[in-house]
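The values are calculated or read from the model by the stated rules, or taken from the named source; none is laboratory data. All values reported here derive from a predicted model rather than from experimental measurement. Using ideal geometry, Cβ is built from the backbone for each residue, glycine included, and neighbour counts are taken over all protein chains shown. The accessibility values were calculated without ligands, DNA or RNA, using every heavy atom of the protein model including side chains. Shrake-Rupley method; radii C 1.70, N 1.55, O 1.52, S 1.80 Å.
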Amino acid sequence: MSAILVVDDDPAVGESVRFVLERAGYAATGASTVAAAREALMADDTALCILDVWMDGEDGLDFAAEVARSGAPFIVMSGGGPGRSLESVTAKADALGAVAVLYKPFEDEELLNAVRATLGKKSSEL
Amino acid sequence: MERSDQTADILSAFDDAGIGYAVTDREGRLLSASPAFLAETQLPPDAVPSKAAWFTLDASEAVVQAVRGALWRDLVGGGQVWRGWVRWRLPDGETKFFEGTAKPLSDTRVVLIANDHSDLIEADRALEESEATLRTILDRLPLSVTLQGPDGRIAYINDYLPRRLGLPRTAFLNKGPGDVLVSKPGEAVADAIRRALDRREALDAWPLDITIGPLAGTSWLLFTRPILGHGGDLRRYLIIAVDRSAEAALAQERERFARTLAETQKVGALNDFAGALAHELSNILHPAGVYARALAKDPDQVDRGVLAGRIADAVRSAGDILRRTLLMARGEAEPRKVQDLRPFLHEVVETARDLAPRGLTYAVDPPEGAVSAVLVATEFRQVLLNLLNNAAEAQAHKGRILIRVEDEAPLPANLLVQPTASGPFALVAVIDEGEGMDVATATHTFEPFFTTKSAGRGTGLGLPVVLGLVTGWGGTVSVDSAPGEGSTFSIWVPKGSPKRWEERGEV
């Protein structure tokens, strides 16, 4: 069964996002480093990737570009970061084809709406 | 017979002493001359008896000889004794100076005595010339030279101050130096200088800022030396004053520039800090929101204790960050103080740890005792945070950054700027595991707008601000690096306060 991959270097954030997804009936897995996320992306049938853009000193947007190339749909989460405005994150995420950009802290419904829209769209294509 | 023997002995002694004598007729023609006379004048023995007057026999110009002739006739004509100097020119152009005496012996005879004093005259003249040269040099020196007599009055002053103030030299002579160097009694610095000068001690590079009077706004360095006589009594007191107003103005300008840079950099740092803070807070708030909503939806769920605990953890974390942020922003115009730098160091390192992504660690290696140094706490935090940020960037926000602290460490040879404090110095070194850089790049890192970071990542103002602030405390900075070996940025903070601050009552 395809799962939603949640990538955030802060375990508390990753856990809380999976908490919402699982209570809504989705299967979710987590990764807290870019390396682990890359591995999971290659190994599993990832239906959707939800990722933070400031991770482990690496630019999360670079990883977002990798995800985009893999063909998996993705949702970007951002809470700012040194020297980065929310506007610039949104612009770059949009350019990469992100389904949605969520600013932490976001409402559960914002997340679930974006997930439903993506997975619903994806199943209609099949 | 006995008398003439005595005369002969005396005359022989004259010869031995190099005092020449001759007998002439009333016209000055030589009738006889002693060997010493011939030796002094370098006249050949066959020149005696002479056909011409003795004073026409040297190589002097005719005019000079004519003047001598007029004098001779006046004297001999009046039957008087002549005493004076003869400037005798030898055939080779050399000049000799004779102390001469001519006395008429009878109506037909005049005795002439010539004592060669050329050496003395030459020595005097050489002395005069060297004194004149020295005075000219002293007058042209770009500094004030004053000699005080034992009574404290000025006995000599070179032309520097009189020229600068547009006053004649005589306006300074016989006055106290305080009247000239210091404008008005009662002013703290002026009194300190006056007391120093009254003690007549040797001072080296004593700073003097003149705030009133015709030299107001100028800064000087005083160097003084008592000059003692053989008995240890004070003969003269030498005061040399160097105007370094230009340097002082330049230093002030530099300080202003560093402060402006600091302000500019604060804006950049604020952006970075706001971004990092937003990231931290959003990561804390987001889970708290999720669990609060879950609890609100179903207050009786089984794991409600776990969820409530996570919310409480989030609030506690946010509170910690809040307190540290307030600590960082505290205080603006703090005075320099001698204080233990370790608490500030730990504060900053804790803040850096809070904001560090996983995989980046900080290790502190402080000495056991207090590390007291002269610093401004807020500035010290800013300096250290700058260095830690740079180190973190240099190693791509992962790995270990080591902070080494020494209570007292000798200054290295490769200092970019000499410290203004005399030391000793406490050392704080930030050692990264980054890529390192060559010597040329390392030296450039303290120049404004120089950055090794990629476009948009660094303002290039962090290290100039560090340099500006640390030199402001009287300390200095150094950098050690090599490609592939990481970098060590060190700050050297004075443990004692420079003299000037003490005078101003700052420390």
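A few notes on this one:
- Count of the stretch B:347-377 residues which are part of a helix (DSSP H, G or I), more than 16 Å from B:ILE431 (Cα to Cα) and more than 31 Å from the chain's Cα centre (by Cα): 5
- Qualifying positions in the stretch B:92-106 - touching a strand residue (DSSP E or B) at 6+ places or on another chain (Cβ under 8 Å) and of a type outside the set (A, V, I, L, M, F, W, C): B:THR95, B:LYS96, B:GLU99, B:GLY100, B:THR101, B:LYS103, B:PRO104
- Criterion violated by B:LEU90 - all others in (1) open to solvent by 50 Å² or more (accessible area, probe 1.4 Å); (2) hydrophobic (A, V, I, L, M, F, W, C); (3) over 19 Å from B:VAL23 (Cα atoms) satisfied: (1)
- Residue count for the stretch B:59-86, restricted to those that are surrounded by 15 or more Cβ atoms within 10 Å (Cβ to Cβ) and either in contact with a Phe, Trp or Tyr (Cβ under 7 Å, 6 or more places away or on another chain) or under 22 Å from B:SER32 (Cβ atoms) (or both): 8
- For the stretch B:228-237, residues that are touching a residue at least 12 places away in the same chain (Cβ under 8 Å), open to solvent by 40 Å² or more (accessible area, probe 1.4 Å) and within 26 Å of the chain's Cα centre (by Cα) total 1.
- Scanning the stretch A:33-49 for residues that are in contact with a helix residue (DSSP H, G or I) (Cβ under 6 Å, 6 or more places away or on another chain) and within 12 Å of another protein chain (Cβ to nearest Cβ) yields one hit, A:VAL34.
- Restricting A:LEU61, A:LEU86 to residues that are within 14 Å of chain B (Cβ to nearest Cβ), surrounded by 19 or more Cβ atoms within 10 Å (Cβ to Cβ), at pLDDT below 85 and closer than 24 Å to B:ALA392 by Cα narrows the list to A:LEU61.
- A:GLY79 being open to solvent by less than 10 Å² (accessible area, probe 1.4 Å) and either modelled with pLDDT under 90 or among the acidic types (Asp, Glu) (or both): yes
- Subset of the stretch A:10-28 that is over 20 Å from A:TYR103 (Cα atoms) and either out of contact with any helix residue (DSSP H, G or I) (no Cβ under 9 Å at 6 or more places or on another chain) or surrounded by 22 or more Cβ atoms within 10 Å (Cβ to Cβ) (or both) - its residue that is farthest from the other protein chains (Cβ to nearest Cβ): A:GLY25
- Hey, B:PHE97 within 23 Å of B:PHE14 (Cβ to Cβ) and among the aromatic types (Phe, Trp, Tyr) or not: yes
- Any chance B:ARG381 is open to solvent by 40 Å² or more (accessible area, probe 1.4 Å) and either out of contact with any Gly (no Cβ under 7 Å at 6 or more places or on another chain) or at pLDDT 90 or above (or both): no
- If you go through the stretch B:29-58 and pick out every residue that is part of a loop (DSSP other than H, G, I, E, B) and surrounded by 14 or more Cβ atoms within 10 Å (Cβ to Cβ), you end up with 7.
- Whichever residue in the stretch A:103-118 is within 8 Å of chain B (Cβ to nearest Cβ) and free of Cβ contacts under 8 Å to residues at least 60 places away in the same chain and, among such residues, is nearest to B:PRO287 (Cα to Cα): A:PRO105
- Selection of the stretch B:9-28 for residues being surrounded by fewer than 18 Cβ atoms within 10 Å (Cβ to Cβ) and not hydrophobic (A, V, I, L, M, F, W, C) yields B:ASP9, B:SER12, B:ASP15, B:ASP16, B:GLY18, B:ASP25, B:ARG26, B:GLU27.
- Only one of B:ILE284, B:ILE311 that is touching a Ser or Thr at 6+ places or on another chain (Cβ under 6 Å) and either at the interface with chain A (Cβ under 8 Å from one of its Cβ atoms) or at pLDDT 90 or above (or both): B:ILE284
- Residue check, B:LEU112 in contact (Cβ under 8 Å) with a residue 12 or more places away in the chain and open to solvent by less than 40 Å² (accessible area, probe 1.4 Å): yes
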